[in-house]
Amino acid sequence: MIRRLRNSNPSQPSFKAQRAQPVINPIALQPEPDGVQRRALEVSHNRLMLGLGLFTVAFVVIAARLAMVTLMPGEHDTMRVAVAQSADRADILDRNGVVLATSLTTASLYANPHQIRDADGIAAQLVDILPDMPLASTAAKLASDKSFIWLKRNLTPKQQQAVNRLGIPGLYFQYETKRVYPQGNLTAHVVGFSDVDSRGLAGVERSFDDVLAGGQRPLQLSIDVRIQHILHEEINRAMADFTAIGGAGMVMDIQTGEVLALVSLPDFDPARPGEATADARFNRATLGTYEMGSTFKLFNTAIGLDSGTTTLAGGFDATHAIKIGRFSIDDYHGKHRWLSIPEIFTYSSNIGSAKLADAFGAEVQKTYLQRLGLLAKSPIELAEVGEPQYPKNWKRINTMTISYGHGVSVAPIQVLPAVAAVANGGILRAPTLLKRASGEVDTGKRVLSEQTSAQMRQLMRLVVQVGTGKKANAPGYLVGGKTGTADKQEGKGYNENARMAAFVAAFPMSAPRYAVVVMIDEPKPNAHSYGYATAGWVAAPVVGALVQRMAPLMGIPPIPDDSPLAQNPLVAMVADYDSAASKKANSKVIQAAAPAAKAPSPESDDDDAPLVFQAKPFGATPVSAKSNDATTPAAPEAPLQSGGMPLAVE
């Protein structure tokens, strides 16, 4: 039998099972803050709210001030805005986006003389770094009793670093902008220059100063740097070959009036205009006015045809010189016979041109020259533009001499659009230096009939084929033009040893797109020109070389000699200028009586006038490159004695 064991310790109590108690979070058992803690929390909260309020007020005040400065600048704020505008002067670009002028940020050195201890010693140290600073004047500036003095504007980064290394108290830098011209001399007379405060003083910088100052958009010009470079190089070469004192040239888009190139030589560095001579800064292309010689026969012949005074079948007797009182008008290397209108133009006869002008008279001549823009200042966007000079009392003798470019002085920029109008169908467009979009092109004004323009294109081409301008020929590009060599005025007379050689042209004559004017000032004869310094030897080759280099760049395809577009019906009417046949007694053109002259109205376009000669499609007998030097000219003749009357050589 098993006995149940009993607790042998009667003093140990027995336990009953009890329900589990919940776990208490000790954080929850923290006592409520007493009065001191409560007051501290309230103070902290109040301080936080006060700081937030002060920050909000400060933010509102700053925002309001910014709004006032932006929308309502005060007197002192205006000065700061002006400085910012000067620093943001807009760039000038060519028509293809090439930079012609831009602004760079540079450091300028100034001093507070009150903080300078050793003026002489510091001046010597500065001159070692900046050699163009005069030692004596720099020392005097540093020893002056002023608190601010400029020492050197627009330092290079290397110069600034070198001055900084000196560690001299009292020397400081101020950052400003400097105008730079990446193309240098190439576009000096077009772009011009500005002063150290970025104010335009010449050229486009001056004409568009308001637009450029503070402008955010670049100013894009019509100039094509590629064409500018070619023209610059060719004129420079001609000046060197003929030891000339100067030259000028321009190229214009006939259909838009945009000037693609404008060169005046000698030129200068626009970054250092103060170092240039007055002659180098003088713009011969727009500011200078000159008697343009026989280039005016282009306009004289156009007037004769357009006014109905003559036709291409007409002509005048050029056997003998014209005697007017004590004066005489004669030809240089004249043919001494009756000449047709194509011969008068191609051989550049003064006698024939004077007789044609005498036939239509002074009033008609003056009216047409006004319509062609030759008696008014050019509207091109430059300040450097010359005023034309012409007779106040327009006498018969003036009419005759003006017919071959003497007695009226014009700027080449006036001649360029007039040449374009003669070649482009009779529409005169104002020249511009700004790139034009298709919708911005000047519609122009009709100054000649389309028929007259077509006839003049044939005559211009004839000059290059068989006339005085054969050296302007550029095979495949149908160049047409007119030579002009004129004695320069000296006092009340003319200097026979100082002349101006010019050539005006357009191409291609089948559909003219570009007009060109080239002028060489006081060329001297040389050995390869056989002692000549006339336009046919000096200026015409410049145009020929320009066209041959320029046309491919502009996408103009060459026209073969046997193409119908290259044929000129007038070439069969005129013998080569240098050939013996040109001196024969009889012209190839049958002499015909000219109709009576009728002066046109300045307001009339004369489109409804009856046509006196129906021009055939343009054409030309093929001219090879070798024909430029078909014959060697004779030795120069002695100057003609004209009793003081100026003579046009070509």
* Using DSSP to define loop residues, name the trypsin sites (Lys or Arg not before Pro) in segment 263-322 whose beta-carbon has at most 13 other beta-carbon atoms within 10 Å. => none
* To the nearest Å, what is the center-to-center distance of segment 358-409 and segment 207-258, using C-alpha atoms only? -> 26 Å
* Asked: Any idea what the dipole of segment 139-215 comes to, in debye rounded to 20, about its Cα centre with Lys/Arg Cβ at +1 and Asp/Glu Cβ at -1?
  -> 400 debye
* Hey, if you put +1 on the Cβ of every Lys and Arg and -1 on every Asp and Glu Cβ in segment 239-348, which of Met250, Gly325, Ile303 ends up farthest toward the positive end of that dipole? -> Gly325
* Are there trypsin sites (Lys or Arg not before Pro) in segment 479-582 that DSSP puts in a loop and that have at most 14 other Cβ atoms within 10 Å, and which ones? -> Lys492
* Between Ala136 and Arg199, what is the FRET efficiency for a Förster distance of 35 Å, r being their Cβ-Cβ separation, to the nearest 0.05? -> 0.70
* Structure fact -> Shape call for segment 477-518, from the Cα gyration tensor axes a ≥ b ≥ c (a/c under 1.5 means rounded, otherwise prolate when a/b beats b/c, else oblate), comes out prolate
* Return the carbon/sulfur percentage of the accessible area of segment 109-231, one whole number, probe 1.4 Å, all protein chains in place. => 51 percent
* **Amide H contacts under 5 Å for Glu384, placed H, 5+ residues apart** => Gly203
* To do: May I ask you to rank Trp150, Trp338 by accessible area, largest first, using a 1.4 Å probe over the protein chains only?
  => Trp150, Trp338
* To do: Choose one of Gly184, Phe173, Val204: the residue whose Cα lies farthest towards the positive end of the charge dipole of segment 152-206 (beta-carbon charges +1 Lys, Arg; -1 Asp, Glu; about the Cα centre).
  => Phe173
* Distance between modelled label sites at Ala376 and Phe173, nm, 7 Å Cα→Cβ extension -> 5.4 nm
* Structure fact -> Heads up, segment 529-589 by the C-alpha gyration tensor (a ≥ b ≥ c square roots of eigenvalues; a/c under 1.5 rounded, else a/b over b/c prolate, else oblate) looks oblate
* To do: For Tyr514, list long-range residues whose amide hydrogen, built 1.01 Å from N in the peptide plane, is under 5 Å from its own amide hydrogen.
  => Ile254, Phe507
* What shape does segment 369-524 have by the C-alpha gyration tensor, where a ≥ b ≥ c are the square roots of the eigenvalues, rounded means a/c under 1.5, and otherwise prolate means a/b greater than b/c and oblate the rest? -> oblate
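The values are calculated or read from the model by the stated rules, or taken from the named source; none is laboratory data. As the structure is a prediction and not an experimental result, all values here were calculated from the model. FYI the Cβ positions are ideal-geometry reconstructions off the backbone, even for glycines, and counts take in every protein chain you see. When the accessible area is computed, the model is the full protein with side chains, heavy atoms only, and any ligands, DNA or RNA have been set aside. Shrake-Rupley method; radii C 1.70, N 1.55, O 1.52, S 1.80 Å.
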